[in-house]
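Please treat every number below as a calculation from the coordinates, not as lab data. Not measured: the values here are computed from a predicted model. Cβ: placed from backbone, ideal geometry, glycine included. Neighbour counts: every protein chain shown.
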Amino acid sequence: MTLSRDARHLALPQVGTDGQRRIREASALLIGVGGIGCPAVAYLASSGVGRLVVCDFDTVDATNLGRQVLYTDKHIGEYKADVAAERLTKINAEVTVTAVNERLSGKALAKAVEDVDVVLDASDNFATRFEVNDACVAASLRLVSGSAIRLEGQLAVFGPDYGSSPCYRCVYDEHDESVGDCAGSGVLSPVPGVIGTMMAVETLKYIAGMDARPLLRLYDATAVEFRRLEISKRSSCPTCGA
């Protein structure tokens, strides 16, 4: 008897035939194909998400290779989105992957968001995160966000009902840009992988129709634990507030 690559999903009562059909028919936009985005989108491809759009304007350099697992030495200097798209189709030839080698903004970002079922934000700066959040709120779309620095990581899930639940701007504002980045502060290579993998988990749960409510979790690699924080809608939020 020959089993399909979906066999283990089909055996899960939480997924089954209907859930895997949803996964095959779904589409996702990934912003940032770095240390977090690489494992996130690799698991979406291997799990059979039908259409993936990978967006990153950057090229591969040697400092990426310790944690950005889709790339090798031979890819240095190439666009990350192009390399990721090629690698993902090798992981699963049945998945359609589109590479975007530019920083999406304004109307282009809004159109890209409106054209998918879920957005994963694995970018590394608050300006991009805020703009992606605003586009998801405008489109009433699920947003799965991740970040990592040093030995710590964060996983957040927002929407799609922003009338009653919080968005990214309810939790952060422009003053939080001062927290630093992994280029200056460093990051343990597997930590972004932990966050990216959890982003894939939450995305697949949402697509398959499992309970996937908005959440914020902090990961501490020193204590080897996730801590769940309660988040609430902020009435003064400039994007989703009343």
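Please specify each residue of segment 214-237 satisfying the condition of being within 21 Å of G163 (Cα to Cα) and over 16 Å from the mean Cα position of the chain (by Cα).
The answer is L229, E230, I231, S232, K233, R234, S235, S236, C237.
Please state which one of R129, R51 is surrounded by fewer than 19 Cβ atoms within 10 Å (Cβ to Cβ) and touching a residue at least 40 places away in the same chain (Cβ under 8 Å).
On inspection, the qualifying residue turns out to be R51.
Going by the structure shown, is Y71 surrounded by 17 or more Cβ atoms within 10 Å (Cβ to Cβ), aromatic (F, W, Y) and within 20 Å of I207 (Cβ to Cβ)?
It is false that Y71 is surrounded by 17 or more Cβ atoms within 10 Å (Cβ to Cβ), aromatic (F, W, Y) and within 20 Å of I207 (Cβ to Cβ).
If you check every pair at least six apart or on different chains, which have Cβ atoms under 9 Å apart with a residue in segment 186-211 that is surrounded by fewer than 19 Cβ atoms within 10 Å (Cβ to Cβ) first and a residue that is part of a loop (DSSP other than H, G, I, E, B) and of a type in the set (D, E) second?
Short answer, once both residue conditions are applied: K205/D211.
Return yes when A42 is closer than 17 Å to G193 by Cα and either surrounded by fewer than 20 Cβ atoms within 10 Å (Cβ to Cβ) or touching a residue at least 12 places away in the same chain (Cβ under 8 Å) (or both) and no when it is not.
It is true that A42 is closer than 17 Å to G193 by Cα and either surrounded by fewer than 20 Cβ atoms within 10 Å (Cβ to Cβ) or touching a residue at least 12 places away in the same chain (Cβ under 8 Å) (or both).
Looking at segment 31-46, can you tell me whether even one residue there is among the aromatic types (F, W, Y) and part of a loop (DSSP other than H, G, I, E, B)?
There is no residue in segment 31-46 that is among the aromatic types (F, W, Y) and part of a loop (DSSP other than H, G, I, E, B).
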